[in-house]
Amino acid sequence: MGIADIFSKRQAHARGKVPDVYVYDDIPKALRVQVVHIWSQVLGDQDESAICPGPLRAYRDIVSTLRQEYGVYRLATPPNEFGARKWFVEMVMFLEAEQDAERILDIIELSFRVIDLATRDFSYLNRQNASDIADDAIETLNGRLREHGIGYRYENGRIIRIDSELLHSETVRPALALLQEPIYKGAQDEFLNAHAHYRAGRAKEALVDCLKAFESVMKVICDRRGWPIPSRATANNLVATLFDHHLIPSYLEAHYNALRATLESGVPTVRNNNSGHGQGGTPITVPDHLVAYTLYMTASAIVFLVGSEKVLGK
């Protein structure tokens, strides 16, 4: 698997014929075909399903889930096919014909969630290096998305919208890695939900879930440390508690005055001013760039807070 550095690609780069901005509503045919190749190599084919039932179950479950969610009897009508081949062909026909980018991302997300979870088990296709194959498939998908200038990545079971590869790798991915600790499950779900809302264009909901994740992380830290907080603590209360208990070392407090201002007035204020109250007579439109900024700011705050708690000691 992986992505080959072929001559035509190098020439395209040399001529500057590469995407310089991300697109979100057009999934090109070449990318769809590349996704199908990953399915064949990692989820398996009809011949392998005769030996191991994994591919049959995987393709059937993906198709059945989308049929139910879309309220249809068929995603597409394949010719006379049987076994795993039947479900696989229906998936391929759907992916090739679908015009709605969000539905295309649905099947990519769902199929790679199966790759991420089911195929790592040795019993899936009796592969000794099953987990490495799954990791390679996800890395290849994300590489293909980047190659085609599509502003999404697969992370932690979800397709997440990104606006900057650098910001994503430096803030969002470290935040998600830290939130994998079971005690932060609620915050992880809220942060992923914020990205899901952002991907779907639900700006206000994204801001609300940013604040929820931010507050949840602080509450977990206070609970772990036994630091008392009000029963209905706000973000400002929680931030004040963390500083009162020297989550940031006192000798660095002056250095972090700017950070404290960001934590106290950044994420909470953006949310409060734009999505936490009634709109009155004029609907409030939250621009995408403000949501993106808030997501990255939330991720940075999570990385800092969780990292600080880890080094604080017992």
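Only one residue in PHE214, PHE191 is in contact with a Leu (Cβ under 7 Å, 6 or more places away or on another chain), in a helix (DSSP H, G or I) and of a type in the set (A, V, I, L, M, F, W, C), so which one is that?
Checking each option against the conditions leaves just PHE191.
Starting from segment 292-314, take each residue that is closer than 15 Å to ARG173 by Cβ and list its partners that are outside any helix (DSSP H, G or I) and at pLDDT 85 or above, counting only C-beta distances under 8 angstrom and pairs at least six apart or across chains.
ILE302/LEU179; VAL306/LEU179
Just wondering, is there one or more residues in segment 30-40 that are among the aromatic types (Phe, Trp, Tyr) and either loosely packed, with under 15 Cβ neighbours inside 10 Å or not in a helix (DSSP H, G or I) (or both)?
Scanning segment 30-40 turns up no residue that is among the aromatic types (Phe, Trp, Tyr) and either loosely packed, with under 15 Cβ neighbours inside 10 Å or not in a helix (DSSP H, G or I) (or both).
Are any of the residues in segment 140-156 open to solvent by 50 Å² or more (accessible area, probe 1.4 Å) and farther than 20 Å from GLN34 by Cβ?
Within segment 140-156, one or more residues are open to solvent by 50 Å² or more (accessible area, probe 1.4 Å) and farther than 20 Å from GLN34 by Cβ.
Under 8 Å by Cβ, and 6 or more places apart or on different chains, what pairs join a residue from segment 165-181 that is of a type in the set (Val, Ile, Thr) with one that is open to solvent by 50 Å² or more (accessible area, probe 1.4 Å) and assigned to a helix (DSSP H, G or I)?
Final answer for the pair search is THR171/SER300.
For segment 238-256, does any single residue satisfy the condition of being within 18 Å of the chain's Cα centre (by Cα), within 20 Å of TYR296 (Cα to Cα) and of a type in the set (Phe, Trp, Tyr)?
Checked against the condition, which is being within 18 Å of the chain's Cα centre (by Cα), within 20 Å of TYR296 (Cα to Cα) and of a type in the set (Phe, Trp, Tyr), segment 238-256 yields no hits at all.
Looking at ASP106, ASP163, which is the one that is in a loop (DSSP other than H, G, I, E, B) and surrounded by 14 or more Cβ atoms within 10 Å (Cβ to Cβ)?
Values: ASP106 fails: in a loop (DSSP other than H, G, I, E, B).
ASP163 is the lone residue from the list that is in a loop (DSSP other than H, G, I, E, B) and surrounded by 14 or more Cβ atoms within 10 Å (Cβ to Cβ).
So ARG224 passes all but one of these: (1) within 17 Å of ALA301 (Cα to Cα); (2) modelled with pLDDT of 85 or more. Which condition number does it fail?
If we test ARG224 against (1) within 17 Å of ALA301 (Cα to Cα); (2) modelled with pLDDT of 85 or more, just (1) comes out false.
Being closer than 19 Å to TYR296 by Cβ and acidic (Asp, Glu) is the requirement here; does GLU139 meet it?
no
Are there any pairs, at least 6 apart or on different chains, whose C-beta atoms fall under 7 Å, with the first in segment 134-157 and more than 23 Å from HIS197 (Cα to Cα) and in contact (Cβ under 8 Å) with a residue 12 or more places away in the chain and the second of a type outside the set (A, V, I, L, M) and in a helix (DSSP H, G or I), and if so, which?
ALA134/ASP116; ARG144/GLN34
Here are some conditions: (1) of a type in the set (A, V, I, L, M, F, W, C); (2) at pLDDT 80 or above; (3) buried (at least 16 other Cβ atoms within 10 Å of the Cβ). VAL311 meets all but one. Which one does it not meet?
(3)
The values are calculated or read from the model by the stated rules, or taken from the named source; none is laboratory data. Because the structure is a prediction, the values reported are computed rather than measured. Don't worry about glycine lacking a Cβ; one is built from the backbone with ideal geometry, like all the others, and counts go over all protein chains shown. Surface areas here come from the heavy atoms of the whole protein model, side chains and all, with no ligands, DNA or RNA. Shrake-Rupley method; radii C 1.70, N 1.55, O 1.52, S 1.80 Å.
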